[in-house]
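Right, one structure below, let's go through it.
FYI, it's all coordinate maths here, none of it is from the lab. Keep in mind it's a predicted model, so treat the numbers as computed, not measured. Heads up, the Cβs are rebuilt from the backbone with ideal geometry, glycines too, and the neighbour counts pull from every protein chain shown.
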Amino acid sequence: MVINMAAGSTEAELQHVIERVKECGFQPHVTRGSERAIVAAVGSGGSRAALEALKAAPGVEDVVPIAHPFKLVSRQTRGDRTRVDVGGGVVIGGEAAVVMAGPCSVESREQIFATARAVKAAGASMLRGGAYKPRTSPYEFQGLGLEALKLLREAREETGLPVVTEVMSTNDIQVIGEHADMFQVGARNMQNFDLLRQLAKAGKPVLLKRGPSATIKEWLLAAEYLLAGGNPNVVLCERGIKTFETETRNTLDLAAVALARELSHLPVIADPSHGTGRRELIAPASRAAIAIGADGLILEVHPCPERALSDGAQSLTLEEFARLMKGLTAPLRPVLAPPNPNLASTDKGGRVNGHSVYPV
Ligand code: PEP
Ligand code: MN
């Protein structure tokens, strides 16, 4: 249940509600918005009827059930959208979309530094790079581990780009937390509940990728583990799902980006690299993701994709990445409008082949 405090209610009234929620057998999670506070009462086993009676408490505007199984992740439990600050300066979920870029795997000092410098020059805000790699085959490159973490930290020190890297095991949380600014939970680990429970207490933001076969509800429930465990700094990432299609590596579910932003207050970014698996689709898919409302992108970039130890086929060259970044600021294509005699002399949208176009 959500207890919406009235605008102008007092701190004492809010504290009383918090105490009553605990007495009713639930955990209170308070969001203080600019105008009013919201108390989400979550948990199982408490008395719903007693909570509903809080409608009569001073300072309470209304008490409403949360419509979804994900509670703290639901938009209902917050007045505004969550903004996640990574590394003390990069805000995900604010006005501007954030681009994270870098190689699939950290392979060498030369490779990560060349990439970090180039993506920074092209306008990326964060550096990505895998140190511990989830590979389909045990015979494929598994990542450089600690050595890669040290290189990422050095690249961060030189470029100032905060680092996001994947954590696959609870055993690695501490060492990754010492070197990186954000934990990436990979698609294959979205429902590794032990990992999620421990990341909830790890004190750094989490990028939670959607599992290749996970529904949006399952994805948001995975995020609920992080919020319920005490970590509000969660960013969702759509990275493509498994469908019958085989021409693309995965099917980038852009509608899920929009829907997750409708259902949840958390920022949502897109990963067109894994979402398409094809270099030539990454720039248009990136533009589409931003157009549908994504709060950012995560992209694979490599100085020499043909020599990459993982995901070369979907990695952009440094030049391709710079071109993609320029394209993100280009306007969307104008839409052809039927000729409108009333607009003809004052049309601000310009004309294409004698037809007016809507202003962009
Ligand atoms: C990656 O980011 O390199 C990766 C392995 O991603 P995903 O978990 O989405 O497959
Ligand atoms: Mn990859």
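Values as computed for the structure displayed
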quantity	calculated
Computed lengthening from ALA57 to THR10, 0.36 nm per intervening residue step minus Cα-Cα distance	15.7 nm
Tail fraction, Cα-Cα pairs, segment 104-259, threshold 29 Å, whole percent	19
Expected 222 nm ellipticity per residue - DSSP helices of 4 or more, -39500 (n - 2.57), all of the chain, to 500	-9500 deg cm²/dmol
Kirkwood hydrodynamic radius of segment 177-303, Cα pairs, Å	14.7
Additional length obtainable on full extension of the chain from ARG197 to GLU110, 0.36 nm per residue less Cα span	27.7 nm
Mean Kyte hydropathy of -0.5 or more with a Cα span along the axis of at least 15 Å, helices from DSSP in the chain	109-122, 216-228, 279-292, 318-328
Mean-position separation - Cα centroids, segment 239-267 and segment 165-219, in angstrom	18
Protection proxy ranking of 11-19, 174-182 - average other beta-carbon atoms within 10 Å, highest first	174-182, 11-19
DSSP bridge orientation in the chain - percent antiparallel, rounded to nearest 5	45
Inverse mean reciprocal Cα-Cα distance (Kirkwood Rh) of segment 126-210, Å	13.0
Convex hull of segment 15-62 built on C-alpha atoms - directionally averaged projected area, nm²	3.1
Kirkwood Rh and Cα Rg combined as Rg over Rh, evaluated for segment 186-246	1.00
Shape call, segment 55-138: gyration tensor on alpha carbons, a/c limit 1.5	prolate
Calculated SAXS-style log₁₀ I(q)/I(0) at q = 0.09, 0.13, 0.15 Å⁻¹ - the chain, Debye, Cα scatterers	-0.57, -1.00, -1.19
Restraint check, LYS133/LYS217; LYS22/LYS55; LYS71/LYS242; LYS242/LYS326, Cα-Cα greater than 19 Å	LYS133/LYS217; LYS71/LYS242; LYS242/LYS326
Rounded, prolate or oblate (a/c below 1.5 giving rounded, otherwise prolate when a/b exceeds b/c) for segment 1-150 by Cα gyration tensor	prolate
Normalised alpha carbon radius of gyration of segment 101-172 [divisor 2.2 N^0.38 Å]	1.07
